[in-house]
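What follows is one structure encoded as structure tokens, with my remarks underneath.
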């Protein structure tokens, strides 16, 4: 799989191709792992792929309810938990929201660049950051289980906006 360009999230591109590739990859990974990408899980993945921004669970739930999938919070939370657990989405803690993974199935250490103005999110490879953190942790005998690196700033569109 080609390495996605993180800047793509902040610039105009063929987003239908981007989203279509994401769904195809999710289906492939679920089939390979013997997991069910149920209609609700698939639709939640599609919703997350529709835009390069983080979405809150209630925003996802509103979309699901409007399409007849139910209006109880567990509908969205269960699907989001499944997607995160299986590496198809990430939780953006800063925003208490979720975004589709741009590298599902890859063993990667993502870092997230979040626009504080428009909430656009770009996922980039952060292997060097993770390696540095593992090295520092090892020196004090600490073993890292999970890292979530999020940088807040302005995307190119918001920087150049009047």
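Each value in this text was obtained by applying a stated rule to the coordinates, not by laboratory testing. Here the structure is a predicted model, which means the values were calculated and not measured. As a convention, Cβ positions derive from the backbone with ideal geometry for all residues, glycine included, and neighbour counts pool all protein chains shown.
Springs between alpha-carbon pairs under 10 angstrom, Gaussian network model over the chain: which of 45, 133, 55 fluctuates most? In the Gaussian network model the winner is 133. Taking other C-beta atoms within 10 Å as the exposure proxy, 101, 30, 118 rank 118, 30, 101 from fewest upward. Between the beta carbons of residue 136 and residue 158, assuming R0 = 30 Å, the FRET efficiency works out to 0.40 to the nearest 0.05. Classify the range 14-66 from the C-alpha gyration tensor, please: rounded if a/c falls under 1.5, else prolate or oblate depending on whether a/b exceeds b/c. Verdict is oblate for the range 14-66.
What shape does the range 32-97 take by its C-alpha gyration tensor, where a ≥ b ≥ c are the square roots of the eigenvalues and a/c under 1.5 counts as rounded, a/b above b/c as prolate, and the rest as oblate? Cα axes put the range 32-97 in the oblate bin. Of 119, 131, the sequence from fewest to most neighbouring Cβ atoms within 10 angstrom is 131, 119. Per residue, the average separation of C-alpha pairs within less than 8 Å and at least 6 apart gives the chain a relative contact order of 23 percent. Estimated from helical segments only, the mean residue ellipticity of the chain at 222 nm is -13500 deg cm²/dmol, where each DSSP H run of four or more residues counts as -39500 (n - 2.57).
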